[in-house]
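Undergrad: First the structure, then my questions, so here it is.
The values are calculated or read from the model by the stated rules, or taken from the named source; none is laboratory data. Model, not experiment: these values are computed from the prediction. Every residue, glycine as well, gets a Cβ built from its backbone with ideal geometry; the counts of neighbours run over all protein chains shown. All accessible areas refer to the heavy atoms of the entire protein, side chains included, with ligands and DNA or RNA removed. Shrake-Rupley method; radii C 1.70, N 1.55, O 1.52, S 1.80 Å.
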There are 2 protein chains.
Amino acid sequence: MVQYATTDLDMSFAVLADATRRGVLEQLGREAASITQLADRFHMTLTGMKKHVGVLEQAGLVVTEKVGRVRTCRIGARRLDDAAAWIERYQLLWDARFDGLDQVIDELKQREQSDATNDDRDNRGEGTR
Amino acid sequence: MVQYATTDLDMSFAVLADATRRGVLEQLGREAASITQLADRFHMTLTGMKKHVGVLEQAGLVVTEKVGRVRTCRIGARRLDDAAAWIERYQLLWDARFDGLDQVIDELKQREQSDATNDDRDNRGEGTR
DNA sequence: TAAATACTGAACCTCATGGTTCAGTATGCG
DNA sequence: CGCATACTGAACCATGAGGTTCAGTATTTA
């Protein structure tokens, strides 16, 4: 479908945006588990958990292996380095920006105060029709 | 339930799961911009970009200020520390898990070899934990 | 004052997500 | 064998995300 246009980074972050999936990752980080065990632990149907595991597996964050009728899930070889790297890069940008802007911010705060006496409504402009 | 204070983390990661939003953050990290400028840069309607900015603003990652008819967007005071922290914590878990399993894996490989000389082609040896 | 600019909000569209139920299939056990 | 267990897949559902258009409102500019 459409989804293949999305990048690894998109997928990494999207995967992490779900609390259940983060929980599963942490759980598997501690100990391998079957689908049933995970479903129980997160109060969800087998089918529902299977989907989450599928997402995690497709992202390379989890590997599974079926032995007999039991599918065992473990954390996968892929780390979250790309996501971590993006955030780290952004932190640098942020630091540079804010370090350089410290004076400007002070100025803005002062200006804000004088503006407040004048006009403090910013987003609710309609009074007249 | 076992879950975290899901909302913040959920939001942080969800915000980052969109390439446009990541781009906007990077852009604003370099230089403040109006909605129109951002919309142009990312080939999107004003309304569309406004929504993204709204999401970023609600997450505290962007602040905006309307002066006259122009709304100027800047990166906000909030850093991505919570997201970074989660990933970092997971990296530790991951390392511990995989470091701890190194010997096991080595053993398994060796066992594989001796098994191959035998007759048993079953190498799914993780049964014992 | 009239026209262009910049944003805003409502309504709508399409598609993905997170979850379910239900009906299988394969496996293990007594 | 016959039943319970464990997973699988299809179908369905509700919600929300990401985007659009269209019709405004407010501000600047000529």
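Undergrad: How large is the translational diffusion coefficient of segment A:1-87 in µm² per second when you combine the Kirkwood radius over alpha carbon pairs with Stokes-Einstein at 37 °C and 0.692 mPa s?
TA: Rounded to a whole number, D works out at 246 µm²/s.
Undergrad: Using modelled amide H (1.01 Å from N, peptide plane; none on Pro or chain starts), what sits under 5 Å from the amide H of B:Val62, excluding residues fewer than 5 places away?
TA: B:Glu57, B:Gly76
Undergrad: Then there is this: Please compute how much accessible surface disappears when B pairs with A, both sides summed, using a 1.4 Å probe, and round it to the nearest 100 Å².
TA: Answer for the B-A pair: about 4000 Å² buried.
Undergrad: Taking amide hydrogens as modeled 1.01 Å from N in the peptide plane, which residues meet the under 5 Å criterion relative to A:Ala33, leaving out close sequence neighbours?
TA: A:Cys73
Undergrad: Loop only per DSSP, at most 14 neighbouring Cβ atoms within 10 Å: give me the GluC sites (Glu not before Pro) in segment B:1-95, ordered by residue number.
TA: B:Glu31
Undergrad: Just to compare against my own numbers: the Cα pair-distance distribution for segment B:39-101, 10 Å bins, whole % per bin, please.
TA: Here the calculated profile for segment B:39-101 is 18, 32, 21, 16, 10, 2, 0.
Undergrad: Starting from a label point 7 Å past Cα on the Cβ side, list the distances from B:Ala96 to the same position in the other copies, nm, shortest first.
TA: 3.6
Undergrad: Distances from A:Lys66 to the same position in the other copies: list them in nm, one decimal, shortest first, using label points 7 Å from Cα along Cα→Cβ.
TA: 5.6
Undergrad: Going 7 Å from Cα along the Cα-Cβ axis for the label, what nanometre distances separate B:Asp81 from the same residue across the other copies?
TA: Between copies, matching label points for B:Asp81 lie 2.7 nm apart.
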